[in-house]
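I have placed the structure first, in the form of structure tokens, so that the comments after it can refer back to it.
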Amino acid sequence: MKPETIIVPLDGTEQALAALPVARPLADALGATLHVVHVGERALPSRTLLGELGLDAEDVKGFVIDQRTGRAAEEILGYAARQRRPLLVICTHTDTEKPRGTLGGVAEHVLVHAPCGVVLVEPERGRRPWSLRRILLPHDGTPTTAAAMDPAGDLAELTGAEVLVLHVAAPGAPPPVEPGTLTAPRYLDQPQHEWPAWAAEFLGRMCALGHPPSEVRFGLVMATGEPGEEIVRVAREYESDLIVLAWHGVWEARHALTMKEVIRAAPCPELVVRARREGAPG
């Protein structure tokens, strides 16, 4: 489903403002309302609040500005749960002492428990303008990664962006065992025999999701290596503006290792969507 509400949590730091240049174009493209939410110890007058957030009236023209009091992560999640078809756009952290790619406590809690998709933005990108021209969609053939196809297709259809589908073959790794997996060809050095059929099957799935090739431009890229590293490398090489990732919501040690690597080193924001599976944690 296409989001109708874009939510940007701001805590008054300059770092948090990095989410706004990403959220605004997304809201415009989706025809969504942009909500700026601040969680503090007490409610402030509107003019005072804008000053605390480092904004002025022109910066937030057309936005909804809301305040909450309480614990930041819980209030952000509760606010999102009350909105119609929300999407959260949040800075990964706002602590200048944290290294690049680190998730702060609030961002991590929001990511793990969000009732909707979450766009993660590195504070290092600052307030530079952002536009969506190329979407990188890592796809290992499993239903989990297929869950990212629909939001990627929606965004591409609305913005005219290209979808670049990336399949990474990890040497020595066993093939995915998830039921419903679209198994990719085993040998990357024989694409003339097997890759066209795999690409045609992927096209079929895109069409089934309502994004026919005539409306969404996309390409296929194959790579060999460690998945997280290859996703980051391809994102840099092809100058991707957004990486769309799907996961089951389990963040504990030894889980979501590829996604953690991408968040740590990606050169662009990441849209993380939850793929629900019967009996899966989270």
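The values are calculated or read from the model by the stated rules, or taken from the named source; none is laboratory data. This one's a predicted model, so the numbers in the text were calculated from it and none came from an experiment. All Cβ positions, even for glycine, are placed from backbone atoms using ideal geometry, and neighbour counts span all protein chains on display. Areas reflect the complete protein model, heavy atoms only, side chains present, ligands, DNA and RNA absent. Shrake-Rupley method; radii C 1.70, N 1.55, O 1.52, S 1.80 Å.
Within the chain, no whole DSSP H helix has Cα atoms reaching 18 Å or more along its own axis together with a mean Kyte-Doolittle score of at least 0.5. The string of couplings for region 119-130 from the Karplus curve (6.51, -1.76, 1.60, θ = phi - 60°) is 9, 9, 10, 6, x, 5, 6, x, 10, 4, x, 9 Hz, one whole number per residue in order, with x for Gly and Pro. Based on protein heavy atoms only, region 58-142 ends up with 47 Å² per residue of surface accessible to a 1.4 Å probe. Of the residues Arg205, Arg85, ranked by 1.4 Å probe accessible area with the largest first, the sequence reads Arg85, Arg205. Residues within the reach of a label modelled at Arg125 (point 7 angstrom out along Cα to beta-carbon, backbone nitrogen below 14 Å), restricted to region 221-250, are 235-236, 239-245. Only helices enter the 222 nm calculation for the chain: every DSSP H run of n ≥ 4 contributes -39,500 (n - 2.57), and dividing by all residues gives -9500 deg cm²/dmol, rounded to 500.
Past the 23 angstrom mark, what percentage of all C-alpha to C-alpha distances in the chain do you count? Roughly 53 percent, rounded to a whole number.
To put it simply, the accessible area of region 1-80 at a 1.4 Å probe is 47 percent carbon and sulfur.
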